[in-house]
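Take a look at the structure set out below.
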Amino acid sequence: MCGIVGYVGPRDAQPLILEGLRRLEYRGYDSAGIATIHEGALDIRKAAGKIAQLEAELESRPLTGSHGIGHTRWATHGAPTTLNAHPHTDDEGRVALVHNGIIENHDVLRIKLQELGHEFRSETDTEVLCHLIEETYAGNLEEAVAEALTRVEGAYGIAVIHVDEPGKIVVARMGSPLLIGVGEDGEREMFAASDVAAIIRHTRQVVYLNDGELAVLTADGHSLLDISGSGDGERPRQVRREVSRVDWNLGKIERGGYEHFMLKEIFEQPDTVRDAMRGRLLEEEGTAKLGGLLALEDAVENVERIVITACGTSWHAALVGEYMIEEFARIPVEVEYASEYRYRHPIVTDGTLVVAISQSGETADTLAAMREARSRGAPVMGIVNVVGSTIARETDGGVYIHSGPEIGVASTKAFTGQLTVLALFTLYLARRRGMSTLQGREIVAAMQQLPDLVRATLDQSSAVECIAREYADNANFLYLGRGSNFPVALEGALKLKEISYIHAEGYPAAEMKHGPIALIDQNMPVVFIAPSDSVYHKIASNIEEVKARGGKVIAIVSDGNGDLSSRVDHVVSVPRTIDMLQPLLTVIPLQLLAYHIAVLRGCDVDQPRNLAKSVTVE
């Protein structure tokens, strides 16, 4: 969601911060701003709309100074206006602050501060932090920030500067991601960011903040403090943490000749699926090696029930995982919306393993669900993409999907990466639960073929584009699948909604008769996921029911299956594989269909309206 960038060092801060904000555009935002301190004065530029509007403002009135902070805002409290854009300031214009998250008790704090004479200029919850810091400031910025934060409830990632302390940035985190970038090769400069993408061009040396931590940044280095207990009268405790090295480079977050990041990421899937499996398949033993689960070995050995918690696309991946695990490992699986899990007093019994799935590893609802499960005594496993993310650090063990940075807001390669890891996890469990070596080897062999099968599926892009041209002006779509391809139908519908703004629904195909069939007419395209699997003949009957009512049918089928060609309006073929892995292939034409329709409709594919890449507020 919102993005933070900060810089202190010898260089001009404005271009560095502006570049970082551009690299955070993919996260979703509706306004942007930058503040610098120069010659004892605070100077701010901000604008509603895209960063281009901020750039225009800076061209006419550039900022100077080698010390500053910037922000991209995704509106929560208050409309997306220039006045509500960050950075915000105190009454005297001496403090500037940017904030990701939500201050839940902002109304109460605002009233108390107004009674003390503070005047508010924006509608935001963030502004109360500026006035709190003004109220508590006594010559030391980090002490004022720490004191102010003891009075707030909610989530925050903040960066603060003060005119009386030039060359210093104070950052703090509670529930919203934040990291420090350390200058390369001994350079006397420091960065702050909510996402490593913002600073990767300048440094790959980072320190990740944990919840309840505050850091002080100067050109000479940083100090890290634990302020989680300071509200109880305890003094902040010094924290020592190793600097981590980011293992990807700038090329991973550039389009590389593709028109959009989403298209690039769709076409990266042969490689990302291979990377998710790399070094993890044991061909001779017919199993998977998942080193990240060593700390969970006892929990896995004694597991009697698995609860998977996730949101959005990750929730759809979890549903596919449920089919995989129950069929092959014979362990009961429940898939929970993370946003609902902790509010319904979940039952956690002995033998329950909780699995948290999140691309970013920072999804607020998934983090909250994971922490709820841990508080009830459940061991928690993570499946995440971003190394060093909060979920990766707080789970008892887990598996990275190794998909690399995913810039497009609508997830594609992360979804197939999650499915690949869930297949590995299923194999890992099933071999411990009595699956034969022979059957394990068959699954390993099928998984080894996946990158080539994904590449062959991508060859259908032009055919899918032709279908998109025929249906780009439709107002509604229905997606239907059975078995493990029912979640694929949900994911296909979500992709279309996210980036083309067309209303779409996904259902189990047999459920069509229980209501949605009333919608079927010549204006309702229906996408069937109908590979040659164990329920193919059932879904073929559902297709006949749609055709009998004049519906238009687009069918995703297996190579060589000509049965449906004469009975549907359009066919897209995907290679054959074992049923367990078929969703990795059937989802790709649906990703392409959503992409091509969105492009034809002139939509902003990579940054769809109202959406954010990493949802870090509840």
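The values are calculated or read from the model by the stated rules, or taken from the named source; none is laboratory data. On a predicted model such as this, the values are computed, not experimentally measured, just so you know. In this analysis, Cβ positions are derived from the backbone assuming ideal geometry, glycine residues included, and neighbour counts consider all displayed protein chains. Accessible surface areas use protein heavy atoms only, side chains included; no ligands, DNA or RNA. Shrake-Rupley method; radii C 1.70, N 1.55, O 1.52, S 1.80 Å.
A few points about this structure:
- Residue match in region 360-370 (condition: open to solvent by 30 Å² or more (accessible area, probe 1.4 Å) and either touching a residue at least 24 places away in the same chain (Cβ under 8 Å) or more than 15 Å from residue 418 (Cβ to Cβ) (or both)): no
- Screening residue 212 on (1) farther than 25 Å from residue 18 by Cα; (2) in contact with a Gly (Cβ under 7 Å, 6 or more places away or on another chain); (3) open to solvent by less than 40 Å² (accessible area, probe 1.4 Å) shows it passes everything except condition (2).
- Helices (runs of 4 or more DSSP H) wholly inside region 445-524 containing at least 2 residues that are free of Cβ contacts under 8 Å to residues at least 60 places away in the same chain and open to solvent by 40 Å² or more (accessible area, probe 1.4 Å): 461-471
- Test: residue in region 47-65 that is aliphatic (A, V, I, L, M), open to solvent by 10 Å² or more (accessible area, probe 1.4 Å) and in contact with a Pro (Cβ under 8 Å, 6 or more places away or on another chain): yes
For (1) under 23 Å from residue 607 (Cβ atoms); (2) touching a residue at least 40 places away in the same chain (Cβ under 8 Å); (3) charged (D, E, K, R), each residue gets a yes or a no:
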| site | (1), (2), (3) |
| --- | --- |
| 27 | yes, yes, yes |
| 30 | yes, yes, yes |
| 44 | no, yes, no |
| 51 | yes, no, no |
| 54 | yes, no, no |
| 73 | yes, yes, yes |
| 79 | yes, yes, no |
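- Where strands (runs of 3 or more DSSP E) fall wholly inside region 301-374, the ranges with 2 or more residues that are over 22 Å from residue 427 (Cβ atoms) and not basic (Lys, Arg) are 333-337.
- Residue in region 94-110 that is open to solvent by less than 30 Å² (accessible area, probe 1.4 Å), under 25 Å from residue 220 (Cβ atoms) and out of contact with any helix residue (DSSP H, G or I) (no Cβ under 7 Å at 6 or more places or on another chain) present: yes
- Region 1-37 - residue that is in contact with a strand residue (DSSP E or B) (Cβ under 6 Å, 6 or more places away or on another chain) and among the aromatic types (Phe, Trp, Tyr) and, of those, most open to solvent (accessible area, probe 1.4 Å): 29
- Residue 556 surrounded by 20 or more Cβ atoms within 10 Å (Cβ to Cβ) and either among the small types (Gly, Ala, Ser) or within 27 Å of residue 319 (Cα to Cα) (or both): yes
- The residue that is nearest to the chain's Cα centre (by Cα), among those in region 276-291 that are in a helix (DSSP H, G or I) and surrounded by 19 or more Cβ atoms within 10 Å (Cβ to Cβ), is 276.
Yes/no per residue for (1) at pLDDT 95 or above; (2) among the polar types (S, T, N, Q); (3) closer than 15 Å to residue 7 by Cβ:
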residue	(1), (2), (3)
192	yes, no, yes
211	no, no, no
217	yes, no, yes
244	no, yes, no
267	yes, no, no
294	no, no, no
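- Condition check for residue 92: closer than 24 Å to residue 9 by Cβ and out of contact with any Ser or Thr (no Cβ under 8 Å at 6 or more places or on another chain): no
- Looking across region 144-178, the residues that are in a loop (DSSP other than H, G, I, E, B), within 19 Å of residue 17 (Cβ to Cβ) and over 22 Å from the mean Cα position of the chain (by Cα) come down to 163, 165, 166, 167, 168.
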